[in-house]
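Q: I'd like to ask you about the structure that follows.
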Amino acid sequence: VESPIARGKGAVILSARKSYLDLFPQGAIGLTAVPNYWDVQGKLTYDLSANHKLTVNGLLGKDEIYFNDDEPSAFSRGAESVEYYGDRFIAGARLRSLWGRSFTDLVVGATRATYNAEVANAEYDAQGRRALTKEFSNNSAEMTQQASLSWNGGARDRDEWSLGGSIKPVTFEHDIYFANDTV
C-alpha cells in the first residue's frame, strides 16, 4: 500500500507478507515440518518545511519451525524434537536539514534480533511414555542502538567538508547449552 499524505507534503508505504504452507492440512505437501514466517515493512517521508525532511523506516519479521517425533512422517537426523523461533526488528529515522549550500543529518535507529532454539531426543520407557532429553538450546538476543549527527558543506565551490559524530551501544545476551558428549 502506498499513499500521499498531508496534501502531498509526504508519503507512506507499507508492505506485509506471510508464509502460506501452514494453511495446507498436516502432511498434505509431504514436509516433516512447515516453516511459518511473516514480516511487515513501512516507510514514512514528510516535508516539515522546504528545508527540513523527516524519513522514518521500520521492519519487523518473525519466523518459526517445529519438528516433532509424534508426527508419523518425522525425519530428523538424530534429533526427534526441534523448536525454533526468531524475530528481527529494525527501525530508524533521519531528519535532513538544508542550510544554504550545506546540510545536516540527524539519524537515530535501533535493531534487535532474538533466536530461541531447542533440540531434544525422545526416549520412551517400558510403558511407552515419552520423555525428552535436551541436547542443545540457544536463547540469544542482540540489540544495537545508534544516534548520529553529521554536517556536510564547503567553503568554496570546489571544497567539500564533513564533520560528524555518533554513539552506538551494542548489547548481547546469550544462553547456549550443549549436552555432554563422549565422542
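The values are calculated or read from the model by the stated rules, or taken from the named source; none is laboratory data. Owing to the predicted nature of the structure, the values given are computational and were not obtained by experimental measurement. Cβ coordinates were reconstructed from backbone atoms using ideal geometry, including for glycine residues, and neighbour counts include every protein chain displayed. Accessible surface areas use protein heavy atoms only, side chains included; no ligands, DNA or RNA. Shrake-Rupley method; radii C 1.70, N 1.55, O 1.52, S 1.80 Å.
The rows are residues; the columns are (1) of a type in the set (Val, Ile, Thr); (2) under 27 Å from the mean Cα position of the chain (by Cα); (3) more than 25 Å from Leu60 (Cα to Cα); (4) part of a strand (DSSP E or B).
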residue	(1), (2), (3), (4)
Gly128	no, no, yes, no
Asn139	no, yes, no, yes
Trp151	no, no, yes, yes
Asp157	no, no, yes, no
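Q: While we're on this one: Restricted to the range 9-24, and to residues that are over 19 Å from Asn57 (Cα atoms) and open to solvent by less than 90 Å² (accessible area, probe 1.4 Å), which residue is modelled with the highest pLDDT?
A: Ser19
Q: Of everything in the range 157-177, what is open to solvent by 100 Å² or more (accessible area, probe 1.4 Å) and under 18 Å from Thr114 (Cβ atoms)? Give them in sequence order. Spell out how you get there, then give the answer.
A: So the first thing to find is which residues in the range 157-177 are open to solvent by 100 Å² or more (accessible area, probe 1.4 Å), and the list is 157-158, 160-161, 163, 167-168, 172-174.
If the condition is that a residue be open to solvent by 100 Å² or more (accessible area, probe 1.4 Å) and under 18 Å from Thr114 (Cβ atoms), then Phe172, Glu173, His174 are the ones that fit.
Q: Let me ask another. Among the residues of the range 74-89, count how many are open to solvent by 80 Å² or more (accessible area, probe 1.4 Å) and either at pLDDT 95 or above or closer than 13 Å to Glu64 by Cβ (or both).
A: First, the residues of the range 74-89 that are open to solvent by 80 Å² or more (accessible area, probe 1.4 Å): 75, 77, 83, 88-89.
Within this subset, residues satisfying the condition of being either at pLDDT 95 or above or closer than 13 Å to Glu64 by Cβ (or both) are 83, 88-89.
Residues that pass the stated criteria total 3.
Q: Of the conditions (1) in contact with a Lys or Arg (Cβ under 9 Å, 6 or more places away or on another chain); (2) surrounded by 15 or more Cβ atoms within 10 Å (Cβ to Cβ); (3) closer than 22 Å to Arg96 by Cα, Leu44 fails just one. Which one is it?
A: Every listed condition holds for Leu44 apart from (1).
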